[in-house]
Amino acid sequence: EKYSIALLPGDGIGVDVVREGRKVLETISNIHGGYSFSFTEFDWSCEYYAKHGKMMPDDGLEILKNFDSIFLGAVGYPGVPDHVSLWGLLLPIRRQFEQYINLRPVKLLKGIQSPLAGKTSKDLDFIVIRENNEGEYSSIGGRMYEGTDMDMAIQNSVFTRKGVERVLRYAFNVAQKQGKRGHVTAATKSNGINHTMPFWDEYVEKISHEYPGISHDTVHIDALAAFFVSKPETMDVVVASNLFGDILTDLGAAIVGGLGIAPSANINPEKKYPSMFEPVHGSAPDIAGKGIANPLASIWCTSMMLDHLGQPESAKAIIDAMEDVLQEKEVLTPDLGGHSTTEQVGDYICEKLRAR
Ligand code: NAI
Ligand code: MG
């Protein structure tokens, strides 16, 4: 089997980390055989925007549609407002390709020290599922009375039956198939947000009846954020709306080693469209061009991609290689206390893959 992958390195360190991710995909497919990759790279980025006044060509989505997966580094760079880079590239891909699941594992890999070490008893290993297509990130709203003392802004949220049911079903399914404790925790805020969140809660109850073997609870987002720190070992599958999920997943990343290793997947579960894999981190202008960005987040993304493409053994081999390298602590980038470069870490992961 040959998988076609669209590479969107984007801006800043996105370029460096996607290069290493590609290397890992090539290496593992050579080792395991039976499948291979063809890569096509696109220079859509803030630099592209500076030249063309848009983040991607008008037929960009048409072009991407036929790939098996998309591998993105990061977009965003000083000089181009963040909402331009986001709404010009990332969000159209997520929405047009119905990547309504944003999947982020919160798993403490061997060799990583959690800032919560000593405070929690068990292994940290759970999964956060963020709704990725609607919710609070809608562009409905506007500014009024600018320049007067009545200056104001309104932003509406959109919660639909279709959108809510499908993300909840996905979460309960994950709890059923791969959850450790068969439990779903749904984030809410129905005390303060009195239309959309009670709507969300109602559907949590409704969908839960389709999964009698799975337990669930609904927790206000503020309390849930605290639980991520005070008792993260009680989490199994967490499901949240777009904004709440965005915040929770950065918090989740922070308790298992930080942005340098945190991966995410934007999934179209029906596989009608390509899914997109991207590190949680951004383009990191503060370290861009220095060659010291940690490629492990994007390498973890390649593992998630292989899982999605139906190559679970290769996916696991990459996690194992990452744990080897993290435990040895010989070849790590400065964010993890090491002195190595992005390229050295990528090469070393490949060496570990070959040695296994
Ligand atoms: P950022 O994630 O780029 O950087 C935050 C901090 O973490 C920086 O100190 C950076 O050096 C460090 N860091 C991030 N990734 C790292 C890695 N792989 N290795 C070592 N250190 C790493 O977030 P920031 O600074 O808020 O945003 C910078 C730009 O990236 C903005 O334009 C933002 O809009 C964009 N961005 C894009 C995202 C995407 O494309 N999905 C996601 C987040 C931010
Ligand atoms: Mg975020």
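When 312, 263 are checked against the criterion of being in the same structural domain as residue 11 (by TED's automatic domain parsing) and touching a residue at least 40 places away in the same chain (Cβ under 8 Å), a single residue qualifies: 263. Among the residues of segment 164-185, those that are within 22 Å of the chain's Cα centre (by Cα) and either of a type in the set (Lys, Arg) or farther than 16 Å from residue 103 by Cβ (or both) comprise 164, 165, 166, 169, 177, 180, 183. Looking across segment 281-298, just one residue is surrounded by fewer than 22 Cβ atoms within 10 Å (Cβ to Cβ) and under 13 Å from the mean Cα position of the chain (by Cα), and that is 282. Of all the listed residues (105, 92, 81), the sole one being under 17 Å from the mean Cα position of the chain (by Cα) and farther than 22 Å from residue 173 by Cα is 92. Close contacts from segment 6-24, counting a first residue that is farther than 12 Å from residue 44 by Cα and a second that is at pLDDT below 95 and of a type in the set (Ser, Thr, Tyr), with Cβ to Cβ under 7 Å and a gap of 6+ residues or different chains, come to 12/77. The residue list 305, 322 contains one member that is more than 20 Å from residue 258 (Cβ to Cβ), crowded, with 21+ Cβ neighbours inside 10 Å and assigned by TED's automatic domain parsing to the domain that holds residue 37, which is 305.
Might you check whether a residue that is in a loop (DSSP other than H, G, I, E, B) and in contact with a helix residue (DSSP H, G or I) (Cβ under 8 Å, 6 or more places away or on another chain) occurs anywhere in segment 296-306? Among the residues of segment 296-306, not one is in a loop (DSSP other than H, G, I, E, B) and in contact with a helix residue (DSSP H, G or I) (Cβ under 8 Å, 6 or more places away or on another chain), which makes the answer no.
Scanning segment 231-269 for residues that are away from ligand 2 (no atom under 13 Å from the Cβ) and in contact with a His (Cβ under 6 Å, 6 or more places away or on another chain) yields one hit, 236.
The values are calculated or read from the model by the stated rules, or taken from the named source; none is laboratory data. Bear in mind that the values here come from a model prediction, so they are computed numbers and not experimental data. Here Cβ is always computed from backbone atoms with ideal geometry, including for glycine, and neighbour counts include all displayed protein chains.
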